[in-house]
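Below is one structure; the comments refer to it alone.
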Amino acid sequence: MADIMTPALGESVAEATVARWTKKVGDAVKRDEMLIELETDKVSLEVVSPADGVLTEIVAAEGDTVLPGALLGRVTAGAAASPSSPAPAPVAAPAPVPAPAPVAAAAPVAPSVRRIAAETGLDTSTVAGSGKDGRVTKGDALAALEARAAAPAVAAAPSAPRPVHEREDRVKMTRLRQTIARRLKEAQNTAAMLTTFNEVDMTAVMALRNQYKDVFEKRHGVKLGFMSFFVKACVEALKDVPDVNAEIDGTDLIYKNHYDIGVAVGTEKGLVVPVVRDAETLSLAGIEKAIGALGKKARDGQLSIDDMQGGTFTISNGGVYGSLMSTPILNAPQSGILGMHKIQDRPMVVGGQIVVRPMMYLALSYDHRVVDGQGAVTFLVKVKDYIEDPQRLLLNL
Amino acid sequence: MAQYDVVIIGGGPGGYNAAIRAGQLGLKVACIEGRGTLGGTCLNVGCIPSKAMLHASELYELANKDFAKMGIDGKVTVNLPVMLQQKADSVLALTKGIEFLLKKNKVDYIKGWGSIAGPGKVAVKAEDGTETVLDTLNIIIATGSEPTPLPGVDVDQKRIIDSTGALVIPEIPKSMVVIGAGIIGLELGSVWRRLGAEVTVVEYLDRITPGMDAETAKTFQRILTKQGVKFKLGTKVTGAKASKTGVALTLEPAAGGDAETLNADYVLVAIGRRPYTDGLGLETVGIVPDKRGFIANDHFKTSAPGVWVVGDATYGPMLAHKAEDDGVACIELIAGKAGHVNYDLVPSVVYTFPEVAWVGKNEEELKAAGIAYKSGKFPFTANSRAKVNHEGEGFVKVLADATTDQILGVHMIGPQVGEMIGEYCVAMEFSASSEDVARTSHPHPTRSEALRQAAMGVEGWTMQA
């Protein structure tokens, strides 16, 4: 008998939800065959069978919340599968085991604490335990409830869920969606956030791209897009205006001398922001390759938590969906986020003449606690300059 | 001779358990005992033989007083020599068992009286007078305790006896006076009362069993009185005159007043125990015991490097299981592990009938500390198993913090409660609340259900009373 355990979920990820079992009790499984899909705040991950044999028990049912190390189910090694064709249950066939209450913690939870959790929805895994080996006592749980009641109800949930009317559907938010919601709201509640705008003439970059896109692709095996230019431009602008690459920690400011640029990617399940590491060391091709690899992982649900941690600045491109103008929300604790938008031919006055130019509005949302207006505007103008005249990137101007 | 890692002076519960643990952890260890048998006071002249006598005398009393109620007729009589012999046989077998355990764990059991002979040296004087000196890195003092003498009442082990003598009285006394209403006096007094003696307990304080929860002690005294024990509380013993056939005691009210004389066949002095630390060579390593003979310790370390102390020779309750816990923790610390004893949760048991058992704080201690608490109580009269066994006396009382519901103390008087207190020791070690016990399934019908019902009582949902 081999236990299927919840794997380590990564830094700062406390729990996961069992999204899907790919096998039923009684099914034959192969070692390393995918059995369970877990969903965490940040990523989905797969749990594979620890052995060849038969899935004999599902302990954590779909929708259950599990902690690292918790038992998910059991595989009996070497056993033969029960016939999958309709057949009377033979004596030897393992009966489906009713899933017991979700495994709430690695250490067993005291009966009183289980009762409190069940009645109040208190997440006991977040309560600091004062009992033996850090176990949560009834007193700890009661104190946590009191603290919860005393905390200002920022978004007090309605006491009873409102009825769902006809022509409405009630759907449980995925963990990813809940995390997005929480983090966006936290950013808004914390930062003194405002947005400055500019517009950029894309003529030069588009010309460069058109001229070299085929050779580029042939040489580097990746398409030349606009994003790499913007990453490069932002890195240079961040070097010029270091405040935008800083974050607040208590009463200190932390200035980062590395440029890890988060690139927001829309996926089926929601927005994720994988990070292009050390972008200042990468060529345009290197950046395109990094973005391509991360984007594929995101769409396949394969992003690891490491892929999304530690960015210093973020770029969000609403233009791919046609957005003309937006005010992006910061990706806390970062102090700046660049919004790219749709490229649109517009009449511009150049040298006293009205000419048609491919234009893009740029938005920089920034944390005014860290970045002054002058810095923010300077940053955005620098990005505009680099894009309008990409040779500056080459010359570090 | 090769150097030892640990030499333990004393083969009682503190010493022999330390020795076994040391053996388990791969230390080279010797255990010195001069008594001739292992097990210390507890096994040779204390807990164990007294339980043998308590069990036998309880069955005797049960047969003559309660069997008829259950439809069993007939009279049984006491064969005292056999009763004493079966006790001695059990004790001997158990001492051999410990000897085997020491051998199994590769402990050198050295017969003789041990004393410290300077840093890292322990002298052993064998019965034949030869002396050897052991070299060791660590010395553990586990010499235990002895009965405290009472000035003016000199123990001769003939008519004036201590707890050791009370286990081998060769006849059933007609009358016996027990000086001291503590656990030892009440247990041994109960033995001889059941066998036929008229027992009077004389106590200086105005209550019995100091340290026991006051409500429980009051109930306990009422039950013992009903059984025929007489109590003279608040009374001082000022002198004793022993003859060949008995003892004349002079008593005075503790608060002052007229003296009186009390005659008895035997007088048992059971006013407490004192550490046994004389003649141990403490001066050779600069250890100075306190006035009463206790050796101070900090996590079992004495003031002398490499010298440790466990059990009755140092502070804390003078109980075999406390000494055992001390011994294990001390060895673990010597071996670089995290040995620890939770002195707040050392249980106490009085092995009378009914038994009394408690752990944690009593109501008086909680009040004195200003801790707000709730109490849940359940009587054994309402417990089905106790009822059908005709054992309805007593109760279980659970005290829990008024805010957190954490169990702070449990006090029980009733049938075999000593066997059941361990449940609450475990619960409290894990900081359990009364609700945790109340929501834990207990088998029906058992007396242990009373423990659960009392826990329910803390939050007002006792169901069976």
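Can you name the residue in segment B:227-251 that is assigned to a loop (DSSP other than H, G, I, E, B) and under 28 Å from the mean Cα position of the chain (by Cα) and is also surrounded by the fewest Cβ atoms within 10 Å (Cβ to Cβ) among such residues?
Per the stated criteria, the residue is B:GLY228.
For A:ALA207, are the conditions met, namely being more than 30 Å from A:LEU271 (Cα to Cα) and either in contact with an Asp or Glu (Cβ under 6 Å, 6 or more places away or on another chain) or in the same structural domain as A:SER323 (by TED's automatic domain parsing) (or both)?
yes
B:ALA264 versus (1) touching a strand residue (DSSP E or B) at 6+ places or on another chain (Cβ under 7 Å); (2) exposed (fewer than 14 other Cβ atoms within 10 Å of the Cβ): which is the lone unmet condition?
Every listed condition holds for B:ALA264 apart from (2).
Restricting segment A:240-260 to residues that are in a strand (DSSP E or B) and without any contact (Cβ under 8 Å) to a residue 24 or more places away in the chain, which is farthest from A:LEU330 (Cα to Cα)?
Selected residue: A:ASP252.
Tell me whether segment B:261-279 contains one or more residues that are out of contact with any helix residue (DSSP H, G or I) (no Cβ under 9 Å at 6 or more places or on another chain), closer than 27 Å to B:GLY114 by Cα and not basic (Lys, Arg).
Taking every residue of segment B:261-279 in turn, at least one turns out to be out of contact with any helix residue (DSSP H, G or I) (no Cβ under 9 Å at 6 or more places or on another chain), closer than 27 Å to B:GLY114 by Cα and not basic (Lys, Arg).
Mind telling me which of the residues B:SER303, B:SER243 ends up being of a type outside the set (A, V, I, L, M, F, W, C) and under 26 Å from B:GLY10 (Cα atoms)?
B:SER303
Among the listed residues B:ILE32, B:ILE20, B:ILE72, which satisfies the condition of being among the aliphatic types (A, V, I, L, M), surrounded by fewer than 17 Cβ atoms within 10 Å (Cβ to Cβ) and out of contact with any Lys or Arg (no Cβ under 6 Å at 6 or more places or on another chain)?
B:ILE72
Do we find that B:PHE378 is more than 14 Å from every other protein chain (Cβ to nearest Cβ) and among the aromatic types (Phe, Trp, Tyr) in this structure?
yes
If a residue has to be within 13 Å of chain A (Cβ to nearest Cβ) and either surrounded by 15 or more Cβ atoms within 10 Å (Cβ to Cβ) or not polar (S, T, N, Q) (or both) to count, how many in segment B:430-465 make the cut?
The qualifying residues number 18.
I'm trying to understand the selection: among the residues of segment A:131-154, which are under 19 Å from A:LEU67 (Cβ atoms) and either touching a helix residue (DSSP H, G or I) at 6+ places or on another chain (Cβ under 6 Å) or away from chain B (no Cβ under 13 Å) (or both)?
A:VAL136, A:ALA141
Of all residues in segment B:390-447, which are out of contact with any Lys or Arg (no Cβ under 9 Å at 6 or more places or on another chain) and aromatic (Phe, Trp, Tyr)?
Across segment B:390-447, the qualifying residue is only B:TYR424.
Which of the helices (runs of 4 or more DSSP H) found entirely inside segment B:1-76 contain at least 3 residues meeting this: under 18 Å from B:ALA313 (Cα atoms)?
Per the criteria, B:13-24, B:40-45.
Of these, B:GLY144, B:GLY196, B:GLY189, B:GLY182, which one is out of contact with any helix residue (DSSP H, G or I) (no Cβ under 8 Å at 6 or more places or on another chain) and on the phi > 0 side of the Ramachandran plot?
Sole residue among the options that is out of contact with any helix residue (DSSP H, G or I) (no Cβ under 8 Å at 6 or more places or on another chain) and on the phi > 0 side of the Ramachandran plot: B:GLY196.
Give the residue, chosen from A:SER125, A:SER159, that is surrounded by fewer than 14 Cβ atoms within 10 Å (Cβ to Cβ) and either more than 11 Å from chain B (Cβ to nearest Cβ) or modelled with pLDDT of 85 or more (or both).
From the options A:SER125, A:SER159, the qualifying one is A:SER159.
Quick one: in segment B:200-226, of everything that is loosely packed, with under 15 Cβ neighbours inside 10 Å and more than 17 Å from B:ILE179 (Cα to Cα), which residue is modelled with the lowest pLDDT?
B:GLY211
So is B:LEU195 hydrophobic (A, V, I, L, M, F, W, C), surrounded by fewer than 22 Cβ atoms within 10 Å (Cβ to Cβ), modelled with pLDDT of 95 or more and not assigned by TED's automatic domain parsing to the domain that holds B:ALA254 or not?
No: the conditions fail for B:LEU195.
Quick one: B:ALA427 ticks every box in (1) away from chain A (no Cβ under 14 Å); (2) in a helix (DSSP H, G or I); (3) not acidic (Asp, Glu) bar one, so which box is it?
Checking B:ALA427 against (1) away from chain A (no Cβ under 14 Å); (2) in a helix (DSSP H, G or I); (3) not acidic (Asp, Glu), the one that fails is (1).
Quick one: A:GLU217 ticks every box in (1) exposed (fewer than 15 other Cβ atoms within 10 Å of the Cβ); (2) farther than 30 Å from A:ARG20 by Cα; (3) under 22 Å from the mean Cα position of the chain (by Cα) bar one, so which box is it?
Against the list (1) exposed (fewer than 15 other Cβ atoms within 10 Å of the Cβ); (2) farther than 30 Å from A:ARG20 by Cα; (3) under 22 Å from the mean Cα position of the chain (by Cα), A:GLU217 comes up short only on (3).
Here are some residues: B:ASP344, B:ASP325. Which one is crowded, with 21+ Cβ neighbours inside 10 Å, acidic (Asp, Glu) and without any contact (Cβ under 8 Å) to a residue 60 or more places away in the chain?
When all the criteria are applied, what remains is B:ASP325.
Quick check, is A:VAL263 of a type in the set (A, V, I, L, M) and farther than 18 Å from A:ASN331 by Cβ?
no
Report, by residue number, each residue of segment B:381-414 that is more than 14 Å from every other protein chain (Cβ to nearest Cβ) and within 15 Å of B:SER434 (Cβ to Cβ).
Of everything in segment B:381-414, those that are more than 14 Å from every other protein chain (Cβ to nearest Cβ) and within 15 Å of B:SER434 (Cβ to Cβ) turn out to be B:VAL396, B:LYS397, B:LEU399, B:GLY409, B:VAL410, B:HIS411, B:MET412.
Out of segment A:366-397, which residues are among the β-branched types (Val, Ile, Thr) and closer than 18 Å to A:TYR212 by Cα?
Correct list: A:ILE387 only.
Would you confirm whether or not segment A:269-281 contains a residue that is touching a residue at least 40 places away in the same chain (Cβ under 8 Å), part of a helix (DSSP H, G or I) and surrounded by 15 or more Cβ atoms within 10 Å (Cβ to Cβ)?
Within segment A:269-281, one or more residues are touching a residue at least 40 places away in the same chain (Cβ under 8 Å), part of a helix (DSSP H, G or I) and surrounded by 15 or more Cβ atoms within 10 Å (Cβ to Cβ).
Kindly provide the set of residues from segment B:286-308 that are in contact with a Pro (Cβ under 6 Å, 6 or more places away or on another chain) and either among the β-branched types (Val, Ile, Thr) or in a strand (DSSP E or B) (or both), ordered by number.
B:ILE295 - this is the single residue of segment B:286-308 that is in contact with a Pro (Cβ under 6 Å, 6 or more places away or on another chain) and either among the β-branched types (Val, Ile, Thr) or in a strand (DSSP E or B) (or both).
The values are calculated or read from the model by the stated rules, or taken from the named source; none is laboratory data. These figures come from a predicted structure and were not determined experimentally. Methodologically, a virtual Cβ is constructed for each residue, glycine included, from the backbone with ideal geometry; neighbour enumeration extends over all protein chains shown.
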